[in-house]
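To keep things clear, I will list the structure first and then write my remarks on it.
The values are calculated or read from the model by the stated rules, or taken from the named source; none is laboratory data. Keep in mind the model is a prediction, meaning the values are calculated, not measured. Glycine gets a Cβ as well: all are built from the backbone with ideal geometry, and neighbour counts include every protein chain shown.
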Amino acid sequence: MLWNLFSKHPRVGDVLLAGAAMLLSLGEAKGHAPFGTVIAIAFLASLPLLARRRYPVPVLGLVLAVTVVAEFILHRTIQLPAALAIYSVAALRDRDTSLRACGLAVIVLFLPFPRFAEWIPPIPAVAAWVLGDTLRVRRAQLRAEREESARRAATEEQVRIAREPPATAGENCVAGEVMGIGYLGDLSIYQVRLDNGYVMKAAAANMTRLIERPIGWNDRVWLTWAPEAGVVLTR
């Protein structure tokens, strides 16, 4: 439920994320500087996260700069805002960009400054990059799958199927046997094995059943398409 809410209203998710980063940063920095200074550091480190979707790389730079300044004041590293900024770059930018930007950020976070009261390796930052990059790759795969499905659907609708050969058969006419039928309400999808062994799909409106004998399994059919229509063949 929360994931659906954040997907529909990403700004709400960003506000909640920045607020959570600020509260947790207060907990990390508490006791290492005057409370007013701690509040200012947590606020300045978390506020840029509100723009992380539109400007992920500049946001990472701002958060990293505040984090470095905070290290000189607190003598320890505030991990969460920087980790969230690194995650945003890895999830929203290409790998080359994220490797350069996030790699530099991790190196800076890895360096212990003088008088450190507590040095913590930047494990959260590295984990954030891995998570963000994995999510980016998965999103790209899903987007490619949706585009391929849409392309195939468009191709199927451009292929005409008939029980009789066309009057003028040309290069864009093939014959085969129906090996599968999918009924989708007012539309049927036919899977046809061609004489050369390839498989094509064609779509036809189910209203044709009212005026002619419907095409059934194992029927001999002819497929035609316009020259400009792309056709997908599979084995």
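Structure values in brief
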{"quantity": "In region 176-191, residue farthest from residue 162 (Cα to Cα) [restricted to those that are hydrophobic (A, V, I, L, M, F, W, C) and at pLDDT 90 or above]", "calculated": "179"}
{"quantity": "Those residues of region 31-76 which are of a type in the set (Ser, Thr, Tyr) and not in a helix (DSSP H, G or I), in sequence order", "calculated": "55"}
{"quantity": "Test: residue in region 137-159 that is in a helix (DSSP H, G or I), touching a helix residue (DSSP H, G or I) at 6+ places or on another chain (Cβ under 6 Å), of a type in the set (Lys, Arg) and modelled with pLDDT of 85 or more", "calculated": "no"}
{"quantity": "Test: residue in region 195-214 that is exposed (fewer than 13 other Cβ atoms within 10 Å of the Cβ), within 24 Å of residue 167 (Cβ to Cβ), modelled with pLDDT of 85 or more and charged (D, E, K, R)", "calculated": "yes"}
